[in-house]
1. Please indicate, with yes or no, whether at least one residue in region 62-81 is at pLDDT 90 or above, within 23 Å of Asn50 (Cβ to Cβ), aromatic (Phe, Trp, Tyr) and assigned to a helix (DSSP H, G or I).
2. Does Ile102 count as buried (at least 17 other Cβ atoms within 10 Å of the Cβ), within 15 Å of Ile42 (Cβ to Cβ), in contact (Cβ under 8 Å) with a residue 24 or more places away in the chain and of a type in the set (Val, Ile, Thr)?
3. How about region 57-84: which of its residues are charged (D, E, K, R) and surrounded by 11 or more Cβ atoms within 10 Å (Cβ to Cβ)?
Amino acid sequence: MAFRELLNVSERSEKVADLGVVPRVTMASAPRNVPRIDYERIFVLDGEYNLLSEYVLNDECPLDFDDLWRSIPLEGLRNGKPVFQGEYVFTPFIVDDLQIVILTRGAPRIEERGFIGALLAAAKIHLGKP
């Protein structure tokens with residue numbers, strides 16, 4: 001709405017003030033769609049990408065550790081940097097000497113990656129040294 005139109009609305013509201021009717025100008029934005037992610041598996045690796053343990057969160061997930069192994073870039077896994085495999089995403093979190101890779105369907109947003117990384121770091125502190 002242009003400033004001139006807003007000014008006209010203000011003038012009209014003064015004219016009808018005697019009648020008790022005040023035009024209302026409301027600006028609203030549409031709800032924002034947040035992409036949904038589904039957590040499928042969690043892989044715990046050592047510093048050399050050997051599988052220490054795997055947690056299956058969804059039995060129907062078609063990807064497994066072999067798919068992760070083939071998806072590792074030449075420069076290796078970097079903390080919080082997702083590796084895409086079609087609609088699935090491997091997101092690594094490096095905590096001391098462990099690499100925890102979360103497999104999701106859909107890419108986690110930056111806020112979610114930060115929260116997951118902090119949560120895993122806290123869990124690692126409580127677990128102690130392996």
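1. Taking every residue of region 62-81 in turn, at least one turns out to be at pLDDT 90 or above, within 23 Å of Asn50 (Cβ to Cβ), aromatic (Phe, Trp, Tyr) and assigned to a helix (DSSP H, G or I).
2. yes
3. Restricting attention to region 57-84, the residues satisfying the condition of being charged (D, E, K, R) are 59-60, 64, 66-67, 70, 75, 78, 81.
Once the filter is applied, which keeps residues that are charged (D, E, K, R) and surrounded by 11 or more Cβ atoms within 10 Å (Cβ to Cβ), region 57-84 yields Asp64, Asp67, Arg78, Lys81.
The values are calculated or read from the model by the stated rules, or taken from the named source; none is laboratory data. What you see is a predicted model, and the numbers here were worked out from it, not measured in a lab. Note that each Cβ is placed from the backbone with ideal geometry, even for glycine, and that neighbours are counted across all protein chains shown.
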